[in-house]
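Rule-based calculations on the coordinates, nothing more; no lab input. All figures in this text were calculated on a predicted structure; none of them were measured in a lab. Here Cβ is always computed from backbone atoms with ideal geometry, including for glycine, and neighbour counts include all displayed protein chains.
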Amino acid sequence: MRTAARATWGALVTGLVLCTVTIASAQGARTPYTEVIDLYREGLENLALEKLAGLMMDEIVRGRDALFAKLASKSPAESERAAATIRGAVMLHTARAFSAFERNNNGEFRFQLTFAQAYVDKLASLDHRAAFVRTWPLLVLALLHEGRSLIAAEQFARRARNSSGDSAELLLALGATEEMGWWIHHEEDADPGVRGDLKDAERNYRQALIVAPTFIEARLRLGRVLTLREDPEGMKVLGQIGQSDEAAFQYLARLFEGDVHEKRGDIAEAERRYTTAVTLLPTAQSAYMALAHLRHGRGARNEAAQDIRSSARATDVPDTSDPWFWYARGTAWRGPGYLEQLRTMIRP
Amino acid sequence: MTRLHNAWVVAIVLVSATLTVTAQRFRSGTIGVRVDVLVTQGQELVRGLNAGDFELRDEGVLQKVSEIEVEQIPLNLILAFDTSGSVAGERMHSLVQAGESLLDRLRPDDRVALLSFATRVRLLAPLTPSRQQIHGAFATLAAQGATSLRDAAFAALALRETDPGRTLVLIFSDGTDTASWLRAPAVIDAAKRTDSVVYAVALAEYRPVLNISGGRIIQHSTTTVQEAGKFLEHLTEETGGRVMFANSNKDLRATFTQTLAEFRDRYVLSYTPTGVSPTGWHRLDVKLKKKSGKVTARRGYFAE
C-alpha cells in the first residue's frame with residue numbers, strides 16, 4: 001500500500017534533472033537549516049533530506065524563526081526571498097514526512113507534515129504566492145490517497161480547507177476522501193479508519209461543479225456516488241460524459257453505468273455498457289472482469305473464460321493502465337502534476 | 001486523466017500460450033452432480049470411507065450416492081499467486097519453491113495453470129500438462145504493486161474447463177485486496193456456479209501491533225489472514241475448501257504440499273438428483289451416517 005506513495009514521492013526525489021546552479025547567496029545570513037533548504041530548491045533532494053536528518057531540532061527552529069522574521073520584513077525584496085525559502089522548506093519537510101510514511105513512522109510523518117503546514121499557514125496569512133498555498137494541500141491529499149491513508153487525509157483536509165480556502169480541486173479531493181472511505185469500508189472488507197459518507201462526497205462534488213462547471217472528474221464522481229446511493233440522477237450525470245471527453249472518463253462512466261444496469265437485473269444493457277468500456281480501453285482490466293463475471297453468471301462460460309484470457313494474457317500492458325485503479329485512489333493520479341507545479345515555484 | 005494510461009511502473013512481459021477452454025456447467029440432470037467431500041477428525045483426515053458411509057441431501061431430499069475413485073480423475077490445479085509488493089524478497093523465493101514442490105507431486109494426466117495477481121491479474125500459463133511451461137512461468141514472477149485478490153479468485157474460477165477433471169484452485173495471498181473491480185459477493189456467487197474447490201494459503205506470522213485506545217497503548221498481534229479479511233474464508237467455505245496457514249515463508253512449501261495431499265484424500269461423491277427442481281440453487285447437506293468426523297463440502301450448487 002505504501003509502495004504506491006513511494007512511486008509518486010520517488011518521482012519527486014529522483015525525477016528532477018539536477019541542475020548545478022549555484023544558489024545566489026544574496027539572501028542574507030544563511031543558517032545550516034537554510035543551506036539545506038537551498039540544496040532542496042536546487043534539486044539536490046536526496047542530499048538535502050540526508051542533511052536535514054543530521055540537523056539538531058534547535059538549529060531547525062532557530063532557522064525557522066529567522067525565516068519568519070525576514071518574512072515580516074518591511075523590505076519587499078527580503079520578504080519575498082524569505083517566502084521563496086519557506087516554500088522550499090515546505091517541500092523539504094513534506095518530502096521528509098512522506099519518507100517517514102514509507103517507513104510506517106507515523107509520529108515522524110505527522111511531525112514533519114505539521115511543520116510544513118505551519119509554514120503554509122504563515123504564507124497563507126500573508127497571501128504569498130497563493131498558487132503555492134492552494135496547490136500544496138492538493139499534493140498532500142493526492143499522496144495520502146495514493147497510500148490509502150484516509151484518517152490522515154480527512155484530518156489534513158479539514159485543516160487545509162481552513163488555511164487555503166475552497167477550490168474546485170480541493171473540493172474534489174474532499175469528496176474523494178469520503179468516497180474512498182465508503183468504498184473501502186463497504187466493499188473491500190477492510191477498515192480504512194473512516195466510514196466515508198456518500199452524501200458528503202456528493203455535496204463536495206456538487207460544490208466543485210459550481211466553482212468549475214466543466215470539471216469532468218467532479219461530474220464523473222458525482223454520477224458515481226449518486227448511483228452508489230441508488231439516486232436515479234446518477235445515470236443522467238454519467239450520461240453527460242460522452243465522446244468529447246477523454247477515453248478514461250468515458251470508460252469509467254460506461255463501467256459505472258454497466259454496474260447500475262447489472263444491479264437492476266438488466267443484463268443485456270449492462271453487457272452493452274461493459275463492452276463499450278472494453279472497446280474504449282482494451283488494455284484496462286476492470287471492464288473485462290465485469291463483463292466476464294456477467295457472462296459467467298448467465299451461463300456463458302466460454303465467453304467468460306475468453307474475456308479473462310483476453311485481459312489476463314495481454315503482454316506489455318502496464319500494471320496501472322486501468323482507470324479504475326486510479327479512480328479507486330481518489331486524486332492520487334493528480335499527484336505528479338501538482339508536484340511539478342510546486343517544483344517550479346520553489347526553484348531558485 | 002491522460003496519465004491514467006501512462007506507465008508508472010515497468011510492464012511485465014508475460015509468457016503466453018494458446019489455450020482452448022470450453023465452458024464448464026455444473027448441471028443436474030443426466031450427467032449428475034459431483035460433490036468433493038473432506039472428512040476430518042480433529043486435525044486428522046479420515047480415510048477408508050465409502051459411499052455407503054455418507055448421507056447426502058439435495059434441498060433436503062435424500063439422494064442415492066455413489067463414490068468415484070479419486071485416483072481415476074485427473075486434476076486441474078489452478079494456482080493464483082499474490083505477487084504484490086509485500087511478497088518481494090524471501091517470500092517470493094519461498095513461494096516459487098512451494099509452487100515447484102507441487103509440480104513434483106502431480107501425476108502425468110494432471111494439468112496446471114498459473115495466474116499471478118498484483119495490481120493486475122496475469123495469466124502466466126494456461127492449463128497445461130507441460131511442467132516445463134509452468135517452471136518457465138514461475139521464473140517470470142516478480143513482486144510489485146497492489147493486490148487484486150477478488151478479481152484473481154474470479155479469474156481462476158472462470159478458467160475452469162468442462163473436462164471431467166477435478167479442479168483445485170489454490171490461492172496464495174498475504175494481504176488485503178486493494179485493486180479489484182469485483183466485489184466479494186460477486187465472486188462468491190461465481191464460486192457457487194462452479195464445482196472447483198478453493199483452498200487458500202495464508203501466512204499466520206504474528207507481529208505486534210500498537211493501538212492507542214482511550215489514552216492507553218494496547219499491544220496485540222495480528223496475522224496476515226486477518227488483513228485479507230473474511231473474503232478467503234467465505235470463498236473457501238462456499239466451495240468446500242479451507243484456509244491453510246503457513247507459519248512463516250519457509251513453511252509455505254510444506255503447507256502447499258499438505259494442501260495437495262489433502263485434496264487427493266477427499267472423497268468424490270456423485271448422484272443423479274431426484275425429487276428436486278432441475279434449475280436454481282440447490283442446498284447440499286452431507287453427513288456421515290454412523291461414523292464420527294467433520295464433513296466439509298460445498299454448500300450447494302446452481303443447476304442450470
Rounded tilt (10° steps) of A:286-297 against the dominant C-alpha axis of chain A: 30
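Which of the peptides B:101-109, B:150-158, B:122-130 is most tightly packed, and how do the rest follow, going by the mean number of other Cβ atoms within 10 Å of each residue? Mind showing how you got there, number by number?
Values: B:101-109: 13.0, B:150-158: 29.8, B:122-130: 21.9.
Packing order, densest peptide first, comes out as B:150-158, B:122-130, B:101-109.
Across the residues of A:93-105, average count of Cβ atoms on other protein chains within 10 Å? Working shown, then result.
Working: counts 0, 0, 0, 0, 0, 0, 0, 0, 0, 0, 0, 0, 0.
Partner-chain Cβ atoms within 10 Å, mean over residues of A:93-105: 0.
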Residue among A:N204, B:H282, A:L143 farthest towards the positive dipole end of the protein assembly as shown, charges placed on Cβ: A:N204
Within straight-line cross-link reach of A:K74, lysines at Cα separation under 21 Å, skipping those fewer than 8 residues along the same chain: A:K122
Estimated vicinal HN-Hα couplings, Hz - region A:333-342 in sequence order (Karplus 6.51, -1.76, 1.60; Gly, Pro = x): 5, 7, x, x, x, 4, 4, 5, 4, 5
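Using the beta-carbon distance between A:T315 and A:K74 and R0 = 51 Å, what value does 1/(1 + (r/R0)^6) give for FRET efficiency, to the nearest 0.05? Write out the running numbers ahead of the final one.
Details: r = 64 Å, r/R0 = 1.26.
The formula returns an efficiency of 0.20 here.
Taking region A:217-348 on its own, what percent of its Cα-Cα pair distances exceed 25 Å? All intermediate terms of the calculation are to be shown ahead of the outcome.
On the way: 2734 of 8646 pairs.
Cα-Cα pairs of region A:217-348 separated by over 25 Å account for 32 percent.
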Number of partner chain Cβ atoms within 10 Å, mean per residue of A:179-188: 2
Most to least packed among A:200-209, A:215-224, A:287-296, A:56-65 [average Cβ atoms within 10 Å]: A:287-296, A:215-224, A:200-209, A:56-65
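Please work out whether region A:35-107 counts as rounded, prolate or oblate from its C-alpha gyration tensor, where a ≥ b ≥ c are the square roots of the eigenvalues and a/c under 1.5 means rounded, while otherwise a/b larger than b/c means prolate and anything else oblate? Numbers along the way, then the final one.
Details: a/c = 2.26, a/b = 1.88, b/c = 1.20.
Because a/c hits 1.5 or more and a/b exceeds b/c, region A:35-107 counts as prolate.
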Equivalent-ellipsoid semi-axes of chain A, from the Cα gyration tensor, Å, largest first: 44, 21, 17
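Add +1 for every Lys or Arg and -1 for every Asp or Glu among the other residues with Cβ under 14 Å from the Cβ of B:R166, and state the total.
Working: positive: B:R34, B:R107, B:R111, B:R160, B:R264, B:R266, B:R298; negative: B:D36, B:E67, B:E69, B:E71, B:D109, B:D110, B:E161, B:D163, B:D195, B:E262, B:D265.
That sum, taken over residues with Cβ under 14 Å, equals -4.
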Hydrodynamic radius of region B:222-303 per Kirkwood, over alpha carbon pairs, in Å: 15.4
Dipole magnitude of the protein assembly as shown, debye to nearest 20 (Cβ charges: Lys/Arg +1, Asp/Glu -1, about Cα centre): 340
Simple spin-label estimate for B:R34 and A:M57 in nanometres, 7 Å along Cα-Cβ: 6.8
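Which whole number gives the average, over all residues in A:283-289, of C-beta atoms from other chains lying within 10 Å of the residue C-beta? Display every interim value, and only then the final one.
Values: counts 2, 4, 10, 7, 1, 4, 13.
Per-residue shielding by partner chains comes out at 6.
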Cross-link pairs beyond the 32 Å C-alpha cut-off, checked among A:K263/B:K289; A:K199/B:K230; B:K64/B:K294; B:K192/B:K290: A:K263/B:K289
In degrees, nearest ten, helix A:32-42 long axis to first principal axis of chain A (Cα): 50
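Could you sort the peptides A:158-171, B:62-75, B:236-249 by per-residue average Cβ neighbour count (10 Å cutoff), highest mean leading? Walk me through the numbers on the way to the answer.
Working: A:158-171: 17.9, B:62-75: 14.4, B:236-249: 19.9.
Going from most to least packed, we get B:236-249, A:158-171, B:62-75.
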Total formal charge among the other residues, if their Cβ is under 12 angstrom from that of B:A261, Lys/Arg +1 and Asp/Glu -1: +2
Signed unit charges on C-beta, dipole axis of chain A, positive-most listed residue A:A95, A:G234, A:P348: A:P348
Stokes-Einstein diffusion coefficient of region B:53-172, Kirkwood radius over Cα pairs, 4 °C, 1.567 mPa s, in µm²/s: 83
Neighbourhood net charge (14 Å Cβ-Cβ; Lys/Arg +1, Asp/Glu -1) for A:D316: +2
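Based on the Cα gyration tensor of the protein assembly as shown, what are the three equivalent ellipsoid semi-axes, each the root of five times an eigenvalue, rounded to whole Å and given largest first?
Details: eigenvalues 548, 144, 90 Å².
Semi-axes from the Cα gyration tensor: 52, 27, 21 Å.
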